[in-house]
Amino acid sequence: MSLVPYALTRPFLFGLDPERAHDLTLDAIAKLQNTPLQCLWSQPRVADPVTVAGLRFPNRVGLAAGLDKNGRCIDGLGAMGFGFIEVGTVTPKAQPGNPKPRMFRLPQADALINRLGFNNLGLDAFLANVQRAHSFRAAGGILGLNIGKNAATPIERAVDDYLTGLAAVHPHADYVTVNISSPNTKNLRALQSDEALDALLGALVERRAALDAAAGAGARAVPMFLKIAPDLDEQQVRLIAATLRRHGLDGVIATNTTISREKVNGLPHAEETGGLSGKPVFEASNAVIRQLRAELGSGFPIIGVGGVMSADDARAKIAAGADLVQVYTGLIYRGAPLVRAAALALKAQ
Ligand SMILES: Cc1cc2nc3c(=O)[nH]c(=O)nc-3n(C[C@H](O)[C@H](O)[C@H](O)COP(=O)(O)O)c2cc1C
C-alpha cells in the first residue's frame, strides 16, 4: 500500500490553485517514478485480466486522457495499480493552451471545470517521453495514445492533424484514441457530425491499414478508438454508432467532459467556460454508454468514463454496458485508493 495516505496529501494540494497542484504533483511523480521513493504512492495492481479489442488488459480500470498530456509520468501513474493508462491529448505542434486560470474545482459537486485547450509540448517531446517509459508496459500495462488537432489548424484541415498524429504515435501505442470531443478547441466537436466524422474516420482507417501493413507481417494491428462527448442527442449517438461500425473502428470511449451546467447551477465557478467533469457528468455519460451498447450490440468495445468516484460507480459503468472504465476527476478527489477499490469491485463481479 502507498506510504502516504491521500487524506494527508489532499488538504495541501487543495489549498493550491488547481493547475499549480496538478503541475507540482506531476513534477514530483516524474522525478520519483522508477526510484525507491515510488513507494510513496504505489500500490499493488489488482490482477483481473480481460481481453478487449484484441488487447489483454491486466484489469479493467484505466487513467483517462488529459492528466498526463505529455506522457511524462506513465510509469509513476501506472504504479497506482491501473490496468491501462491513456496519455495525451497530443497535437502535432506544441501549443500553450488557453490563458490561465483555466482549471477550477467545484468541491461541493465532486467536480472540475477545465478549459485548458490542449496545452502540450507537441508530438516530438511526447514520443520521447513515451519511449523513455518502461516499467509499466514491461509489467503488462496497456498504453493508449490520444491524438487531437492544433488550435491554429483550420477545422477544414483537421484530418491532416489527425493523420500526422496517427502516423507518429502508431509504432508506440497499444491503442490510439481519436479525440474529437473536447469542448475547449473551437469547432472540434463539429467533427462528431455525420459527414465530417465519415470523412475523418475513412481517412484514418485507410492510413491505419497502411501503417499496420508497413509494420510488416507479425506486427500487431493497432486498435483505434473514438472518444465522444456526453452532449449528444439520441439521433447523434445513433449516427455515430453506425459510422463506427461502417468504418470498423475498434472501440469507443464515452465520454469526455460536458458543457451542461444543469447539475451545478449556482455553485461557485459553475459559470466558468469549459468542460465539466466528475460526479455531474456520471448520469449523462452512462446514458450515452447505454445507448451505444444497444446500438452496437454485445462484443463492440466500449470504454466508460465520466464521474467514477467510487467502486459502486465503476460497477454502474459496467452495468450500463462498458467493458472497461477510466477515471480522472475521481483520482483528484479520492486519490489512488479509488483505482484499487474500483479494480477489486470489478474483479468480484
Ligand atoms: C483537467 C482535465 C483535462 C482533460 N484533458 C483531456 C484531454 O486532453 N483529452 C481527452 O481526451 N480528455 C481530456 N479530459 C477528459 C477526461 O479524460 C474524461 O473524459 C472526463 O474528465 C470525464 O471523466 P471524469 O469525470 O472521470 O473526469 C480532461 C479532463 C480534465 C478534468
(message) Considering only region 114-128, I want to know if a residue exists there that is closer than 26 Å to residue 309 by Cβ and in a helix (DSSP H, G or I).
(response) no
(message) Can you confirm whether residue 183 is more than 16 Å from the ligand (Cβ to nearest atom) and at pLDDT 90 or above?
(response) no
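Okay, residues lined up against (1) hydrophobic (A, V, I, L, M, F, W, C); (2) under 19 Å from the mean Cα position of the chain (by Cα); (3) over 27 Å from residue 139 (Cα atoms); (4) open to solvent by less than 30 Å² (accessible area, probe 1.4 Å):
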| site | (1), (2), (3), (4) |
| --- | --- |
| 23 | no, yes, no, no |
| 68 | no, yes, no, yes |
| 94 | yes, no, yes, no |
| 107 | no, no, yes, no |
(request) Among what's in region 266-304 and is under 19 Å from residue 332 (Cβ atoms) and of a type in the set (D, E, K, R), pick the residue that is surrounded by the fewest Cβ atoms within 10 Å (Cβ to Cβ). (result) 272
(request) Could you list, in sequence order, all residues of region 316-345 that are on the phi > 0 side of the Ramachandran plot and touching a Phe, Trp or Tyr at 6+ places or on another chain (Cβ under 9 Å)? (result) 335
(message) For residue 331, only one of the following conditions fails: (1) open to solvent by 10 Å² or more (accessible area, probe 1.4 Å); (2) farther than 26 Å from residue 21 by Cα; (3) within 13 Å of the ligand (Cβ to nearest atom). What is its number?
(response) (2)
(message) Among the residues of region 175-186, are any in contact with a Leu (Cβ under 8 Å, 6 or more places away or on another chain) and assigned to a helix (DSSP H, G or I)?
(response) no
(request) Give region 254-265 a look and list any residue that's open to solvent by 10 Å² or more (accessible area, probe 1.4 Å) and either among the charged types (D, E, K, R) or over 22 Å from residue 98 (Cα atoms) (or both), or say none. (result) 261, 262, 263, 265
(message) Can you find a residue that is modelled with pLDDT of 95 or more, more than 14 Å from the ligand (Cβ to nearest atom) and touching a Ser or Thr at 6+ places or on another chain (Cβ under 7 Å) anywhere in region 102-119?
(response) no
(message) Tell me whether region 50-70 contains one or more residues that are touching a helix residue (DSSP H, G or I) at 6+ places or on another chain (Cβ under 8 Å) and in a strand (DSSP E or B).
(response) yes
(message) Please count how many residues of region 187-222 are within 15 Å of the ligand (Cβ to nearest atom) and either open to solvent by 30 Å² or more (accessible area, probe 1.4 Å) or basic (Lys, Arg) (or both).
(response) 1
(request) Please name all residue pairs, on different chains or six or more residues apart, with Cβ atoms under 7 Å, provided the first residue is in region 120-139 and is closer than 18 Å to residue 67 by Cβ and open to solvent by less than 40 Å² (accessible area, probe 1.4 Å) and the second residue is assigned to a helix (DSSP H, G or I) and polar (S, T, N, Q). (result) none
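The values are calculated or read from the model by the stated rules, or taken from the named source; none is laboratory data. Source: prediction; values computed, not measured. Quick reminder, even Gly has a Cβ in these numbers, built from the backbone with ideal geometry, and neighbours come from all protein chains shown. Side chains included, ligands, DNA and RNA excluded: accessible areas come from the protein's heavy atoms. Shrake-Rupley method; radii C 1.70, N 1.55, O 1.52, S 1.80 Å.
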